[in-house]
Amino acid sequence: MSGGWSRKLVAAVLVNSFYAMKNYPVVLLNTILSPISFLVVVNFVSKGVLLNQAIEGGFIMSMFSSGMGLQADLSHLKNDFKLQDMVVSSPTTPGLYVLGMAISEVVYAIPALATLVVLLAIFVHPGVFQAIELLGIMLLMFSTSVTIGFTLSTFSSDIVQSFAFSALISTLFSTLPPVYYPITYIPLPFRYLAYLSPTTFAAEISQSTTGLLQLSSLHLALDWLVLVSVMVALALIAVKKARWRDV
């Protein structure tokens, strides 16, 4: 990576995460409380039975919400500061711009992720290979939400509209599906609706990896296939349909 690329990535992280965290530390509380609050509620309601599933669900919600947060941030920078117009007229590529902003979203989520890592180590006790597989699932989930967030941000004309869509999609995909609990808790007539969300497949793989859900090899392979296919399809849509130069 050349020095120019690295400086642009560092600039994106500084502008979109470090400076915001320094100037408005209260936003860190929201970043931590969103996934942890669901974890606490599920733990209390289940009397501790679903604590491990809820910890893994907290990871999925944090990564998915971080990617969707990219939509609101990109929309804000595009509509209020015309940053996208400046990037378009500069040598910076869309991929490098989105990569820098995506890294900044991960940095923003570090307090929540660090808390969840501690809880995972204490209660779930994943081995090395299980931890690597969980990391792969979370990166795939983050990549999926980043492509959604980037594509929608190029169509958004107002920051209020963008925040509304970001919150709506995060809620639909990370709280309603069986992310914090096993899918077997949903009655069969309604269970198939959960598979409309990619987070359901990520949760099934995560729970299977740590022995919290028993799946056949075929079912597990199909989950991976669907999750990767959804991410690739959304990336292609972002490349073909995002309004990068029209606004």
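Here are some notes:
- Here is the figure for region 176-191: residues that are crowded, with 16+ Cβ neighbours inside 10 Å and hydroxyl-bearing (Ser, Thr, Tyr) total 2.
- Out of 175, 200, 154, one residue alone is hydroxyl-bearing (Ser, Thr, Tyr) and modelled with pLDDT of 85 or more. It is 200.
- Index of the failed condition, residue 113 passing every other in (1) closer than 23 Å to residue 215 by Cβ; (2) touching a residue at least 12 places away in the same chain (Cβ under 8 Å); (3) not β-branched (Val, Ile, Thr): (1)
- Qualifying residue in region 206-219 (condition: under 21 Å from residue 78 (Cα atoms) and of a type in the set (Gly, Ala, Ser)): no
- Residue among 194, 221, 203 that alone is small (Gly, Ala, Ser) and either open to solvent by 50 Å² or more (accessible area, probe 1.4 Å) or touching a Cys at 6+ places or on another chain (Cβ under 8 Å) (or both): 221
- In region 82-147, counting only helices (runs of 4 or more DSSP H) that sit wholly within it, the ones holding 2 or more residues that are closer than 30 Å to residue 244 by Cβ and hydroxyl-bearing (Ser, Thr, Tyr) span 94-108.
- Subset of region 24-46 that is open to solvent by 40 Å² or more (accessible area, probe 1.4 Å) and β-branched (Val, Ile, Thr) - its residue that is farthest from the chain's Cα centre (by Cα): 45
- Of all residues making up region 206-218, the number that are under 21 Å from the mean Cα position of the chain (by Cα) and open to solvent by 10 Å² or more (accessible area, probe 1.4 Å): 3
- Scanning region 96-110 for residues that are open to solvent by less than 30 Å² (accessible area, probe 1.4 Å) and closer than 30 Å to residue 211 by Cβ returns a single hit, 109.
The values are calculated or read from the model by the stated rules, or taken from the named source; none is laboratory data. Everything numeric in this text was worked out from a predicted model, so none of it was measured. No Cβ is skipped: glycine too gets one built from the backbone with ideal geometry, and neighbour counts run over all protein chains shown. Calculation scope for accessible area: heavy atoms of the full protein, side chains included, ligands and nucleic acids excluded. Shrake-Rupley method; radii C 1.70, N 1.55, O 1.52, S 1.80 Å.
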